[in-house]
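The values are calculated or read from the model by the stated rules, or taken from the named source; none is laboratory data. Remember, it's a predicted structure, so these values are computed and weren't measured experimentally. Glycine also receives a Cβ, built like all others from the backbone with ideal geometry; neighbour counts cover every protein chain displayed. Just the protein is used for accessible areas: all its heavy atoms, side chains included, with ligands, DNA and RNA removed. Shrake-Rupley method; radii C 1.70, N 1.55, O 1.52, S 1.80 Å.
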Amino acid sequence: MESLAPPNWDVAISRAKASNIPAVFEILKRHTYLPDLAKELRKAKEEVIRNFDYYIDLTRKSIERIGGKFYLAETPDEAREIVGKIVGNGKVIVMSKNNVATETGLRPYLEKLGNEVWETDLGEFLVQIANEEPSHILAPALHMTKERISQVMKERLGIDVPPDPVAIAQRAREFLREKFLKANVGITGANAIAADTGAVLLVENEGNIRMTSVLPPVHIVYDGIEKIVPTLYHAMIETLVQAAYAGLYPPTYVNLTAGPSSTADVEMYRVSPAQGPKEFYMILVDNGRRKAAKDPVLWEILLCVRCGRCSMHCPTYWAAGPRFGKPPYTGPMGIPWTAVTRGIMEAGPAAMLCTHSGNCREVCPMGIDLPKLILHVKNEYLKQVMKK
Ligand code: SF4
């Protein structure tokens, strides 16, 4: 019988589980304040989900106050077109890992316009050069063993590298360094967006987000409306919670960006630009999110901080890999996210694979009742299938 999972998935997922699962437990044991922060964050995110229009408007006003331009896109087409108009063609674009960019097909769209586009997160870069789809919300190249990565780098880029994580990271760094320096535009996502200030918080370890958001003259923030939180305080909390439950705590970097670069060094008068970007744009995508906010069951997935922990504890994901969900939204969180962004009929077949072990609910920092959401997707899917 043909396996549902990609080749060597069992090796890749076993290695990932062995390093990630104990790391998160150790972090939670060492920093006992984290579950309380997660509870506080849940309350703040609930407030935004209940009042999306108010907080989107507040974010718009804050972004304009700090010298940026704000756009709300209802659909993927609209979102891509807005970015296309800002960017134009013939540009070098660097991107940091961004699930909403994958959700809306942003990279292929910008390439089609005649731009050279590079993913700068190592995992996403590997997925790009392999011409494959991401397999995990946080570690997109999770399905690729180090042996396969070495082979792909040789085949696609002519880069000779042994199957060794340190050597792979080093060669990718050398390749991407030149792209950062040439880039005209940097596109990032956001871990959290503070409605009160327009500040964007991004948590990372590689340093690629820092360079993507600072080196090119234009910075575009492109993400979903659910990234809005009421205040900068809540946005800071979100970075801590996301990093901890992803097993990477403390994160190497937390980036805060609020508008184009500026200086107040001459007579304490704040002017823009300074050394960083001259232009700052924010494009927030709805694509089913406000509709989901009104759904009595599905609304809860909008609380997700994309830590990926539910996938690491899910026996269906261990067996089926990225086919449990639809890239970029894979694993237990991937089922409701696919339902929100692509509809029940697309999420349904993968939902039917769920065995309802319930592990995902136990480990989710946001306390999302994932089995309930997945059961809802199954029910709605079967109702629609029966109607046909
Ligand atoms: S559903 Fe929960 S555990 Fe899964 S990625 Fe989202 S926040 Fe993390």
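What to note about this one:
- Test: LEU353 is in contact (Cβ under 8 Å) with a residue 12 or more places away in the chain, over 19 Å from the mean Cα position of the chain (by Cα) and outside any loop (DSSP other than H, G, I, E, B): no
- The residues of region 36-47 that are within 9 Å of MET366 (Cα to Cα) and open to solvent by less than 70 Å² (accessible area, probe 1.4 Å), listed by number, are ALA38, LEU41, ARG42.
- Tally of residues being in contact (Cβ under 8 Å) with a residue 40 or more places away in the chain and part of a helix (DSSP H, G or I) across region 104-125: 3
- Residue tally, condition open to solvent by 10 Å² or more (accessible area, probe 1.4 Å) and within 13 Å of the chain's Cα centre (by Cα), over region 306-334: 3
- Residue check: ILE335 meets all listed conditions (1) near the ligand (Cβ under 9 Å from one of its atoms); (2) touching a Cys at 6+ places or on another chain (Cβ under 9 Å) but one, namely (1).
- Conditions (1) of a type in the set (A, V, I, L, M); (2) assigned to a helix (DSSP H, G or I); (3) touching a helix residue (DSSP H, G or I) at 6+ places or on another chain (Cβ under 8 Å); number of the one not met by ILE209: (3)
- Within region 242-270, residues that are outside any loop (DSSP other than H, G, I, E, B) sit with their Cβ atoms under 9 Å from residues that are within 16 Å of the ligand (Cβ to nearest atom) and aromatic (Phe, Trp, Tyr), at 6+ positions apart or across chains, in these pairs: ALA243/TYR249.
- Condition met for ALA195 (in contact (Cβ under 8 Å) with a residue 40 or more places away in the chain, more than 16 Å from the ligand (Cβ to nearest atom) and either under 22 Å from ALA274 (Cβ atoms) or not assigned by TED's automatic domain parsing to the domain that holds VAL166 (or both)): no
- Residues that are assigned to a strand (DSSP E or B) and surrounded by 14 or more Cβ atoms within 10 Å (Cβ to Cβ) occur in region 48-70; there is at least one.
- Residues satisfying the stated conditions in region 343-371, i.e. within 12 Å of the ligand (Cβ to nearest atom) and on the phi < 0 side of the Ramachandran plot: ASN359, CYS360, ARG361, GLU362, VAL363, CYS364, PRO365, MET366, ILE368, ASP369, LEU370, PRO371
- Looking only at region 140-184, and only at residues there that are in contact with a strand residue (DSSP E or B) (Cβ under 8 Å, 6 or more places away or on another chain) and not in a loop (DSSP other than H, G, I, E, B), the one that is farthest from THR330 (Cα to Cα): LYS182
- For region 203-231, the candidate set comprises residues that are open to solvent by less than 10 Å² (accessible area, probe 1.4 Å) and hydrophobic (A, V, I, L, M, F, W, C); within that set, the residue that is nearest to THR59 (Cα to Cα) is ILE228.
- Residues satisfying the stated conditions in region 122-156, i.e. in contact with a Lys or Arg (Cβ under 9 Å, 6 or more places away or on another chain), open to solvent by 20 Å² or more (accessible area, probe 1.4 Å) and within 20 Å of ARG177 (Cβ to Cβ): LEU122, GLN128
- Matching residues in region 71-103 - criterion: being under 22 Å from the mean Cα position of the chain (by Cα) and either assigned to a loop (DSSP other than H, G, I, E, B) or among the polar types (S, T, N, Q) (or both): GLU74, THR75, SER96, LYS97, ASN98, ASN99, THR102
- Matching residues, region 71-85, being open to solvent by 40 Å² or more (accessible area, probe 1.4 Å), of a type outside the set (Asp, Glu) and closer than 15 Å to GLU103 by Cβ: THR75, ARG80
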